[in-house]
Structures are given as C-alpha cells and as structure tokens.
Amino acid sequence: MKKQIKLAEITQDIGRAKYWLDRGELTAIPTETVYGLAGNALNVDALIKIFEVKNRPKFDPLIVHIKNKEEIPKYAEKVNDLQHILAENFWPGPLTILFKKNNLIPDLATSGLEYVGLRCPAHSLTLSLLNILDYPLAAPSANPFGYVSPTRPEHVNKQLGEKIPCILDGGPCEIGIESTVVKVDEEKIFILRTGGITKEELEKFGKEVILSEHSTSNPQSPGQLTRHYATFSPLKCISRDKWMDFFDEKKVVLIYFGSPSKEWPSGWKKLCLSENEDLKVAASRLFHVLREADEFKPDLILAEPLPMKGIGIAINDKLKRAQAEN
Ligand code: TXA
Ligand code: MG
C-alpha cells in the first residue's frame, strides 16, 4: 500500500494561520519578497522548530516581522534617527533594519547577536495576520537551508509541506527576491545582503552607503555565504558569448535576459527572465525560473549575468552564490 503523506493545509484564511501560530506551530506566510516560514518570535519552542524544519544552522539569525514601525520600541533599544528615517521611508517594504535588541527577543532568534533584524512586510494578507496576533513573527525564507527561496505557495508545499501544518496562500510574490538587510550607525548604511531595496534608493538620504563583502569564513549575514540560493543541478553564471564552450554538454538549461539567439542548440531548454529586459520582472521570476530549470534535471544550468544596476546587482549576487564552485 502506498504511504499516505500529509501535506500542509493551504488557505487564504488568516484565522487558520493564527490558530496554528497561537499553538506554537509554524505557518508559511506570503510576503512581497519571498514566502517565509513563520513562528511566534517570542516563543523559543517555535523558534527551535523553525531551525529544525529548515535544517538551518543555529548561527544564522532570523528576521522578526512586525506590523508597523510603531512596534520598533517594543523590541529595540537606542533607536537612532537614521533607523527611524529608513523605517519611515521603506516600510512596509523589502528592507530589514538591524536594531539593538531588548530582552523580549529571545537570544535564539538572533543567534546570540545583540542586534535583531526587524522588517514590516508589504503584503496585505500577512499584515492583516500580524494585526490579529499579539506577538511578532520570526520568519526565514521557507526553503531548506541553502536552496532557492520560494516565491509561490506550491514551492513551499513541495519542499516543506510534510513538515508544517499550514501555508497561507497570498499568490506569487511581487518582488521575488529577499529583503535588503542593512546595519546603520548615525552616518553610514552598511548593506549586509543585497535585495529588494537598491543601493541607489538608500543613497537618497545623503549618507554613505557601503556594500559589505563577507566571506563564508566570516558571515555577518549568512545570506552572504559564498554558496547559497543553490540549485541541485550545477549552475554557471557566465555571459552568453561563452555558452558555446559547453557545446558538448547534452542536457543544458539556458537562463537568459532579452532576446534569444538562433545559434543556441535546439535541444537545449531555454528559460527567459524578461524578454523586455525589465530588471524588476527578472527579479520576480528569478527563483521560479531556477526551480523550473532544476526540475528538468540538467547536467548544467547556464545563466547570464544581468546589467549591474538597480535590482540587477542583487539578482547577479544570487546567481553568483548559486554557482557550483567559486
Ligand atoms: O525578504 C526576506 O527577508 C525574507 C522574508 C520571509 O521576509 N526572509 C529572509 O530570511 O530572507 P532569511 O532568514 O532567509 O534571510 C535573512 C538574512 C540572513 O542572511 C541572516 O543572516 C540575516 O538576514 N540576518 C537576520 N538577522 C540578522 C542579524 N541580527 N544580524 C545579521 N544578519 C542578520
Ligand atoms: Mg533564506
């Protein structure tokens, strides 16, 4: 007899999500960036479940999602003007700001660090959910650690559906790549992870914006781990003029931006990020296209780097980290 596998309940009812979360269980939640694997951020047992379900190392801190910027002083200390300005300008939205945490936030949420990443997500369903809860939600991306992040409920269900009771279905994610993570002092903004808010947008406040480079040996933000966002099949992020060097490979998927070339072998699968060279469209499709490429089980995925401007910088960062070897 075939074993019956119990998958998560997929619902648009925030009452169902609240039901599970109030009991210390986990629920996947939609955000404008990617789907999150959420639990009560103030409940250590729920936090332990998040690390277990994701198979996530305990050194990788979680982002805490709050319903609005008025909640900041509930969980943070010594908030400075620049932190206020950024929250005021970008929330709800894809920016995670590090704050000095107070004692309400369990050490496990921040992996023992003194700073907690807070973010108010721009998704109506999840904001409605946060409004009926009396605790914030810790939520990493809802994928097994190291794999491509989910941007649709079915992505979550496929990989984590057996391990969690509920997925709140908010449709496909609009932005499609994670929030930008920043640490700020009075005068400078340090980008620890590139994402939905661009460097150019952060520069509008007249402060210096510094893109921090961190290596695997010294991750300040493990989204900066050298290999992350990875597909199961090997991937190379390399410009299209070098693709013919791989002519001998049989099963190849090409991920391209703009117009296809007639020279590409007809037997190779081709997936486009955006025909019109629209970087925002490319970001919203990136993780779905990487999953589609992987499902084909190719010998190799070739992805071309995008223009290094705006959100293209974050997309290239994800593609580079998805590469098999560095
Ligand atoms: O868009 C997003 O940020 C999504 C949605 C669900 O909100 N969440 C997300 O979480 O991408 P996660 O855990 O997959 O990635 C969070 C990143 C990690 O690289 C983590 O190391 C970093 O943010 N981070 C979180 N708290 C931090 C802290 N206190 N200090 C340094 N880095 C932190
Ligand atoms: Mg993640």
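Here, each number is a calculation from the coordinates, and none is a lab measurement. Everything numeric in this text was worked out from a predicted model, so none of it was measured. Cβ placement follows ideal geometry from the backbone for every residue including glycine, while neighbour counts extend to all protein chains displayed.
Data table
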read-out: Distant-in-sequence amide H partners of residue 123 (H built 1.01 Å from N, under 5 Å); value: 32
read-out: The chain - mean residue ellipticity at 222 nm from DSSP helices (-39,500 (n - 2.57) per run, n ≥ 4, rounded to 500); value: -7000 deg cm²/dmol
read-out: Where labels lie 7 Å past Cα in the beta-carbon direction, separation of residue 297 and residue 78 in nm; value: 5.4
read-out: Residue 249/residue 18 FRET efficiency (R0 51 Å; Cβ-Cβ; nearest 0.05); value: 0.55
read-out: For the chain, with +1 on Lys and Arg beta carbons and -1 on Asp and Glu, the positive-most of 128, 301, 173 along the dipole; value: 301
read-out: Dipole magnitude of the chain, debye to nearest 20 (Cβ charges: Lys/Arg +1, Asp/Glu -1, about Cα centre); value: 820
read-out: Interchain or long-range residues, amide H under 5 Å from residue 270's placed H; value: 254
read-out: Cα→Cβ-extended label distance, 7 Å offset, between residue 239 and residue 134, nm; value: 6.0
read-out: Cα gyration tensor, the chain - rounded (a/c under 1.5), prolate or oblate; value: oblate
read-out: Relative contact order of the chain, defined on C-alpha pairs under 8 angstrom at six or more residues apart (%); value: 20
read-out: Rounded Å value of the spacing that divides the Cα centres of region 157-172 and region 48-123; value: 23
read-out: From phi via Karplus (6.51, -1.76, 1.60), per-residue ³J(HN,Hα) for region 238-244 in Hz, x at Gly/Pro; value: 8, 5, 4, 5, 9, 5, 5
read-out: Computed magnitude of the charge dipole of region 1-131 (debye, nearest 20; Cβ of K, R +1, Cβ of D, E -1); value: 500
read-out: Which of 238, 86, 97, positive extreme of dipole for the chain (C-beta unit charges); value: 238
read-out: Separation of the residue 10 and residue 188 label points, Cα + 7 Å toward Cβ, nm; value: 4.6
